[in-house]
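Peer 1: Before we start, here is the structure in question, set down as structure tokens.
The values are calculated or read from the model by the stated rules, or taken from the named source; none is laboratory data. These figures come from a predicted structure and were not determined experimentally. Cβ placement follows ideal geometry from the backbone for every residue including glycine, while neighbour counts extend to all protein chains displayed.
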Amino acid sequence: MPSPAVAWLMVLAQVPSQPSRHRVAVWRELRKAGAVPISAGSWAVPDTDAFHPFLERAAELCRRGGGTLAVLAVSPRDDASEDLIRSAYLAARLDEWSEFDAECGHYEAEIAKEIAKRKFTFGELEEEEQSLDRLRRWFQDLRRRDVLELPQSTAAAARLQTCEELLEGYAAQVYDAMRDAAPLNERDQADPGQD
């Protein structure tokens, strides 16, 4: 399946080298947007509404640092030019989806480790819920940037679903363990009518 046509923006950022924190802040904002570096000081990003707020924040960061940010709508003149931008963007997205997949693997291993150790505490459950929330936010960010509609997005959605199911199973075990560990009179109040 061919990937969709994409209109591109070229972002030209110029920020004084000192203090470096301003350049780093602009760089981070552009990376968060999903922009990819094409050459020193120039970045490419798809021209869609989802990317515009990030570019506005990057422009503000440039101004604060005494620099400028120009955003130009560009149309590559030939296939080689289009391929240069698209390939850089594709490589960045593939790297991100791969990293997301690896983090899901770490999450799954962490849940398995806690189950194997029988560490069924509310504190641990809360930590795992926070980790899953971070994965969910990250997935949404990656999906927003994936204007090429890569198949890795679908695979990542399935992997995230697996993580959610693992957490549900772990949570059930935590609640069972906490109920079983509660003093008898607390259990009776928690489950009235059950003997």
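Peer 1: Would the range 57-66 turn up any residue that is of a type outside the set (D, E, K, R) and in contact with a Pro (Cβ under 6 Å, 6 or more places away or on another chain)? Can you show your working first?
Peer 2: In the first step, residues of the range 57-66 are kept if they are of a type outside the set (D, E, K, R); the result is 58-59, 61-62, 65-66.
Next, only the ones that are in contact with a Pro (Cβ under 6 Å, 6 or more places away or on another chain) stay: 66.
Looking through the range 57-66, at least one residue is of a type outside the set (D, E, K, R) and in contact with a Pro (Cβ under 6 Å, 6 or more places away or on another chain).
Peer 1: Taking the stated definitions as given, is Ala116 surrounded by 15 or more Cβ atoms within 10 Å (Cβ to Cβ) and over 18 Å from the mean Cα position of the chain (by Cα)? Give the steps one after another, and end with the answer.
Peer 2: Working: surrounded by 15 or more Cβ atoms within 10 Å (Cβ to Cβ): no; over 18 Å from the mean Cα position of the chain (by Cα): yes.
Against the criterion (surrounded by 15 or more Cβ atoms within 10 Å (Cβ to Cβ) and over 18 Å from the mean Cα position of the chain (by Cα)), Ala116 does not qualify.
Peer 1: Looking only at residues that are in contact (Cβ under 8 Å) with a residue 24 or more places away in the chain and assigned to a loop (DSSP other than H, G, I, E, B) in the range 93-147, which one is farthest from Val6 (Cα to Cα)?
Peer 2: Arg118
Peer 1: Ok, one more. So, in the range 86-104, how many residues would count as being of a type in the set (Ser, Thr, Tyr) and crowded, with 19+ Cβ neighbours inside 10 Å?
Peer 2: Just the residues of the range 86-104 that are of a type in the set (Ser, Thr, Tyr), to begin with: 87, 89, 98.
Now narrow it down to the ones that are crowded, with 19+ Cβ neighbours inside 10 Å: 89.
Going through the range 86-104 one residue at a time, the tally reaches 1.
Peer 1: Please tell me if Gln161 is modelled with pLDDT under 95 and among the polar types (S, T, N, Q). It would help to see each step written out before you state the result.
Peer 2: Working: modelled with pLDDT under 95: no; among the polar types (S, T, N, Q): yes.
In short, no.
Peer 1: If Ala112 meets every condition in (1) outside the structural domain of Leu132 (by TED's automatic domain parsing); (2) closer than 28 Å to Ser131 by Cβ apart from one, which number is that one?
Peer 2: It fails just one condition, (1).
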